[in-house]
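J.: My structure is below; once you've seen it, I'll send some questions.
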Amino acid sequence: MVEVSDGASCADALKEGLSGKRFKAAIACKAGDTLLDLTAPVPTTAETLTLTPVTADTPEGLGLIRHSAAHVMAAAVKKLFPAAKVTIGPSIENGFYYDFDVEKPFTPEDLAKIEKEMTAIVKTGEELERFELDPADAKELMKDQPYKLELIDKHSGAGEKISFYKQGDFTDLCAGPHLMSVAPLKAIKLVQSTGAYWHGDSNNRMLCRVYGIAFPKASELESYLNML
């Protein structure tokens with residue numbers, strides 16, 4: 001058991017309680033059943049609390065890597081295609097995807113360019129910064145992103161703030177959690193682009209959905225691609 005000061009982060013707490021090697025392997029933590037960023041403050045809902053490190057070789061860790069990879073893909077798309085409107089980008093069983101509203105669907109050549117830009121972003125090692133805004137300020141920040149405005153309205157409760165993640169010049173509406181930086185995302189592959197209706201409703205606009213896969217190690221990605 002360790003004691004931490006008020007306002008200490010989950011990373012601070014894990015660093016006190018783990019060996020150097022085990023601490024370096026942690027990419028997130030769990031407080032009970034809740035998955036948290038390492039930068040998140042230690043919850044103060046109880047006098048004693050068990051924090052469990054989450055590593056990349058766990059289902060939770062792999063999902064977090066893939067979710068963070070989706071954000072990197074969105075950042076790459078916005079840099080290459082500034083007019084693109086962003087929607088959502090979750091991790092899924094076999095990887096991740098992100099839906100974009102673009103003038104024309106992405107071609108295989110476009111995917112190659114996006115993947116190359118993702119590699120460049122990962123090499124920067126940009127840190128991810130979580131912050132919260134009141135709904136009105138959140139709408140001002142996302143005023144040029146109509147799908148994000150819809151999501152803000154959907155998730156705005158009484159007195160609730162809206163959470164965002166910023167990496168470099170890209171900011172996305174997201175509940176998280178995420179990696180502390182993009183640096184670990186060194187095994188990413190974009191696999192295909194398809195059409196998908198917003199909310200799965202054919203009455204809505206057809207979006208361009210880009211699927212990708214990500215693993216903690218390049219060898220794992222290579223094995224998966226060989227299996228396919």
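J.: Are there any trypsin sites (Lys or Arg not before Pro) in region 106-164 that are in a DSSP loop and have at most 12 other Cβ atoms within 10 Å? List them by number. Mind showing how you got there, number by number?
T.: Details: sites: K113, K116, K123, R130, K139, K143, K148, K154, K161; in loops: K143, K161.
Within region 106-164, the qualifying trypsin sites (Lys or Arg not before Pro) (loop, at most 12 other Cβ atoms within 10 Å) are K143.
J.: If one takes the longest principal axis of the Cα atoms in the chain, at what angle in degrees, from 0 to 90 and to the nearest 10, does the Cα axis of helix 218-227 lie?
T.: Computed tilt is about 50 degrees.
J.: Turning to a different aspect of this structure: Report, ordered by chain and residue number, the lysines lying within cross-link reach of K186, taken as a straight Cα distance under 18 Å and ignoring same-chain residues fewer than 8 apart.
T.: Reachable lysines: K24, K113, K116, K123, K217.
J.: Turning to a different aspect of this structure: So how far apart, in nm, are the two label points at L49 and E103 if each is 7 Å from Cα heading toward Cβ?
T.: Here the modelled spin labels are 4.9 nm apart.
J.: Here's a follow-up. Search the structure for amide H atoms under 5 Å from the amide H of D37, placed 1.01 Å from N in the peptide plane, and list their residues when 5 or more places away or on another chain.
T.: So D37 has HN proximity to H178.
J.: Could you report the accessible area of S9 in Å², rounded to 10, computed with a 1.4 Å probe on the protein chains as they sit in the structure?
T.: 20 Å²
J.: Separate question: Rounded to whole Hz and in sequence order, give me ³J(HN,Hα) for region 91-105 from the Karplus expression 6.51 cos²θ - 1.76 cosθ + 1.60, θ = phi - 60°, writing x for Gly and Pro.
T.: So the J values, rounded to whole Hz, are 7, 10, 3, 10, x, 7, 8, 9, 9, 10, 9, 10, 4, 9, x.
J.: I would also like to ask the following. Relative to the longest principal axis of the chain, what angle (0 to 90°, nearest 10) does the C-alpha long axis of helix 146-155 take?
T.: 40 degrees
J.: Which of the lysines could a cross-linker bridge to K161, judged by Cα under 20 Å and excluding same-chain residues fewer than eight apart?
T.: K139, K143, K148
J.: From the phi of every residue in region 64-80, what ³J(HN,Hα) in whole Hz does the Karplus formula 6.51 cos²θ - 1.76 cosθ + 1.60 yield, where θ is phi - 60° and glycine or proline is x?
T.: 5, 4, 5, 5, 5, 5, 4, 5, 5, 4, 5, 5, 5, 4, 5, 6, 7
J.: Along Cα→Cβ, 7 Å out, is where each label goes; now give me the distance between the ones at E127 and Y197 in nm to one decimal.
T.: Distance between the two pseudo-spin positions: 4.4 nm.
J.: Let me ask something else. Can you give me the orientation-averaged projected area of the convex hull built on the Cα atoms of the chain, in nm²?
T.: Numbers: hull surface 55.6 nm².
For the chain, averaging the hull's shadow over all directions gives 13.9 nm².
J.: Right, something else. What are the residues whose amide H is under 5 Å from the amide H of V191, where those residues sit 5 or more places off or on another chain and H is modelled from the backbone?
T.: Placed amide hydrogens put Y211, G212, I213 under 5 Å from V191.
J.: Report, by chain and number, residues whose modeled amide H sits under 5 Å from the one on A28, excluding near sequence neighbours (fewer than 5 apart, same chain).
T.: Placed amide hydrogens put V54 under 5 Å from A28.
J.: Moving on to the next point. Roughly speaking, what is the centre-to-centre gap between region 128-151 and region 11-66 when only Cα atoms are used, to the nearest Å?
T.: 27 Å
J.: If you don't mind, there's one more thing I want to ask. Put E16, E60 in order of accessible area, largest first, 1.4 Å probe: what do you get? Write down the numbers at each step before the final one.
T.: On the way: E16 125, E60 70 Å².
Result, largest first: E16, E60.
J.: Applying the Karplus parametrisation 6.51 cos²θ - 1.76 cosθ + 1.60 with θ = phi - 60° to the phi angles of region 161-177, what ³J(HN,Hα) value in whole Hz is obtained for each residue in order, glycine and proline being reported as x?
T.: Taking θ as phi minus 60°, the curve returns 9, 9, 9, 9, 10, 10, 9, x, 8, 9, 10, 10, 6, 6, 7, x, x Hz for region 161-177.
The values are calculated or read from the model by the stated rules, or taken from the named source; none is laboratory data. Bear in mind the structure is a predicted one, so any value in this text is a computation, not a measurement. Heads up, the Cβs are rebuilt from the backbone with ideal geometry, glycines too, and the neighbour counts pull from every protein chain shown. These accessible areas exclude ligands, DNA and RNA; they are computed on the full protein's heavy atoms, side chains included. Shrake-Rupley method; radii C 1.70, N 1.55, O 1.52, S 1.80 Å.
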